[in-house]
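Working notes, structure below.
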Amino acid sequence: MTVRPTMISTPTATTETPVARICEAIHARRRFLITSHARPDGDSIGSQLAMLFALEALGKEVHVVNADPAPEHYMDFPGMDRIEISRTVHSDVEALIVMECSDLARTNVQGLGGRFTINIDHHAGNTGFGELTWFDESAAACGEMVFTLIRALGVPLTKEIATHIYLAILTDTGSFHHSHITPRTFEICRQTVEAGVNPAAMARRVFDSNSFGKLKLIGAVLDEMELLDGGRLAALYLNDEILNATGTTYNDTEGLINLPLTAREIQAVVFFKLGADGDIRVSMRSKYDVDVRSVASGYGGGGHKNAAGFTAKGPLDKVKPEILARVKDAIEAGIQTRPG
Ligand code: AMP
Ligand code: MN
């Protein structure tokens, strides 16, 4: 892995860098709307709320709007009550900050257009929408970028902000499993711990807060797991019957996809989640250089090398063979460069 230079200190405030231009745009405005992608994850929640607290520290008026509620285990984190769940926005703001989205459609929120828009993202394939784009694929989480921005804005790293930055990094690295983790990642985490974050408590809150129903769901889904490609590929399935039988909801599937990767042989996992509308949400995870993002982008989705997804039109039997064949190809290609 190439070790990138540590870019941790407050970036120099020249107007040449996207960070400096965003700082300037923020300082010049007062009313902000923050949003992120539909079905928010830890990085989108952490990035948005760290930004909310930072902007409020600067005396700004801030609204956060998301299309969907966060998974239950994030509900105790500071500022969660500030997220308004809505599919449309009407508020009259001076700037929109969109995080973690390759385009505005990823938000699933209507009415965002026509505003001065700041686009902050680390997903390859960002379309560069908005008046100001800051895109950094080398960031392990969007929360890393938010940290840099907050420091450049001159906002102190409070415990609340640090908590959300750490949440973003902890979850988006798959609890420090994915690629893209650099010295910068740990340097930011170091500073968040110094600001009062307790890593053990964070890991327990995020990963060890399952309901009994979720444990049953994990059991039911793993029971139906298919092993393919000589044990290198696992396929998981979810439908309403499994959810009803275990008394769980779609949100309870979070993190489940990572479990097959704990088997040494398994290099990639594909999770097919069947919606009542016939749509199939396809989530993928992989190890090392097995690139599932390339598979997702072939179906109009996106993500990262080790974590990606897309939505396909059913029926499952029709689309499944081709998807699995493409993941098998990705395993074959990625395994060549496997570290020892
Ligand atoms: P998920 O499997 O839903 O947890 O998503 C894994 C990663 O892929 C995340 O970084 C998502 O933002 C990204 N992703 C999932 N679905 C899509 C999509 N339809 N378009 C773009 N990115 C996606
Ligand atoms: Mn992210």
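Here are the numbers for this structure:
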| read-out | value |
| --- | --- |
| Virtual spin-label span in nm between residue 28 and residue 137, 7 Å along Cα→Cβ | 3.0 |
| Percentage relative contact order, region 267-330, counting C-alpha pairs under 8 Å, at least six apart | 30 |
| Candidates 160, 84, 241, ranked by Gaussian network fluctuation over the chain, Cα under 10 Å, top entry | 241 |
| Relative packing of 285-294, 171-180, 142-151, 197-206, which averages over residues the other C-beta atoms within 10 Å, highest first | 142-151, 285-294, 171-180, 197-206 |
| Cross-link reach list, aspartates and glutamates versus residue 273, counting only Cα pairs under 16 Å and skipping chain neighbours closer than eight places | 223, 224, 226, 240, 241, 252, 254, 317 |
| Approximate spin-label separation residue 80-residue 176, in nm, with each point projected 7 Å along Cα-to-Cβ | 2.4 |
| Rounded if a/c under 1.5, otherwise prolate or oblate - the chain, Cα gyration tensor axes | prolate |
| Rough spin-label spacing in nm, given labels placed 7 Å along Cα→Cβ, for residue 224 and residue 194 | 4.9 |
| Accessible area of region 18-206 divided out per residue, in Å², using a probe of 1.4 angstrom | 36 |
| Computed over region 213-334: relative contact order in percent, which uses C-alpha pairs under 8 Å that are six or more apart | 20 |
| Region 57-122 versus region 186-211: alpha-carbon centroid distance in Å | 24 |
| Surface share of carbon and sulfur [accessible, 1.4 angstrom probe, percent] for the chain | 52 |
| Accessible surface, 1.4 Å probe, highest first, among residues 272, 135 | 135, 272 |
| Choice from 259, 33, 96 showing the highest fluctuation, given a GNM over the chain with Cα pairs closer than 10 Å | 259 |
| Expected 222 nm ellipticity per residue - DSSP helices of 4 or more, -39500 (n - 2.57), all of the chain, to 500 | -10500 deg cm²/dmol |
| Top of 126, 108, 210 by mean-square fluctuation, Gaussian network on the chain, Cα under 10 Å | 210 |
| Relative contact order for the chain, counting Cα pairs under 8 Å that sit 6 or more residues apart, in percent | 13 |
| Out-of-range pairs (alpha-carbon distance over 30 Å; input 60/214; 60/305; 159/287; 287/320; 159/216; 60/287) | 60/214; 60/305; 159/287; 159/216; 60/287 |
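The values are calculated or read from the model by the stated rules, or taken from the named source; none is laboratory data. Computed from a prediction, not measured in an experiment: that's the story for all the values here. Because the Cβ atoms are built from the backbone with ideal geometry, glycine has one as well, and the counts that use them run over all protein chains shown. Protein only, heavy atoms only, side chains kept; ligands, DNA and RNA dropped before computing areas. Shrake-Rupley method; radii C 1.70, N 1.55, O 1.52, S 1.80 Å.
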